[in-house]
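Supplied in structure tokens, the structure appears directly below.
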Amino acid sequence: MQNNHLEGLKDIKDIVYIPDYSLYILLSITTIVIAILFYLIFRYITRIKKTKILTKKEIAYNNLKNLNFNNTKDSVYKFTQDGNLFLNDKNRDSYERIVSSLGIYKYKKD
């Protein structure tokens with residue numbers, strides 16, 4: 001009787017290895033999502049930098065850096081107007097001396 005039970009169990013086979021790729025799929029999806037997030041953050045930051053509104057002081061600084069000394073009268077007026085924004089106690093005297101020495105280049109009625 002025991003032989004009959006053993007003969008019925010002969011159809012049981014060895015353990016079969018089933019490949020499991022779920023860890024690789026999870027890691028690849030996570031990597032792709034993180035890469036997309038970094039890209040979106042980068043695009044957002046660069047868009048903010050492009051659309052940043054410049055202050056008067058920043059505009060004046062850019063104007064002073066790009067003065068055209070070929071047209072002296074125009075550059076003297078721009079220096080007087082834009083340089084005034086950068087005045088403090090330390091450089092007020094030197095600025096006033098420079099502006100007074102540049103007075104010969106300004107327009108005079110007489």
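The values are calculated or read from the model by the stated rules, or taken from the named source; none is laboratory data. The shown structure was predicted, so the numbers you read here are calculated from the model rather than taken from an experiment. Don't worry about glycine lacking a Cβ; one is built from the backbone with ideal geometry, like all the others, and counts go over all protein chains shown. All accessible areas refer to the heavy atoms of the entire protein, side chains included, with ligands and DNA or RNA removed. Shrake-Rupley method; radii C 1.70, N 1.55, O 1.52, S 1.80 Å.
If we keep just the residues of region 48-58 that are part of a helix (DSSP H, G or I) and not acidic (D, E), which is farthest from Y95 (Cα to Cα)?
Once the filter is applied, the top-ranked residue is I48.
Residue-wise test of (1) in contact with a Ser or Thr (Cβ under 7 Å, 6 or more places away or on another chain); (2) part of a helix (DSSP H, G or I); (3) surrounded by 11 or more Cβ atoms within 10 Å (Cβ to Cβ); (4) at pLDDT below 80.
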position: P19; (1), (2), (3), (4): no, no, no, no
position: Y24; (1), (2), (3), (4): no, yes, no, no
position: I32; (1), (2), (3), (4): no, yes, no, no
position: I36; (1), (2), (3), (4): no, yes, no, no
position: T46; (1), (2), (3), (4): no, yes, no, no
position: A60; (1), (2), (3), (4): no, yes, yes, no
position: L67; (1), (2), (3), (4): yes, no, yes, no
position: K90; (1), (2), (3), (4): no, no, no, no
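What pairs can you find where one residue is in region 71-86 and under 19 Å from K56 (Cα atoms) and without any contact (Cβ under 8 Å) to a residue 60 or more places away in the chain, the other is open to solvent by 50 Å² or more (accessible area, probe 1.4 Å) and of a type in the set (F, W, Y), and their Cβ atoms are less than 6 Å apart, with a gap of 6+ or different chains?
S75/F69; V76/Y105
Collect the residues in region 48-58 that are among the aliphatic types (A, V, I, L, M) and surrounded by 10 or more Cβ atoms within 10 Å (Cβ to Cβ), keeping them in residue-number order.
Of everything in region 48-58, just one residue is among the aliphatic types (A, V, I, L, M) and surrounded by 10 or more Cβ atoms within 10 Å (Cβ to Cβ), namely L54.
Across region 71-86, what is the number of residues that are over 13 Å from K106 (Cα atoms) and open to solvent by 40 Å² or more (accessible area, probe 1.4 Å)?
Here the count works out to 3.
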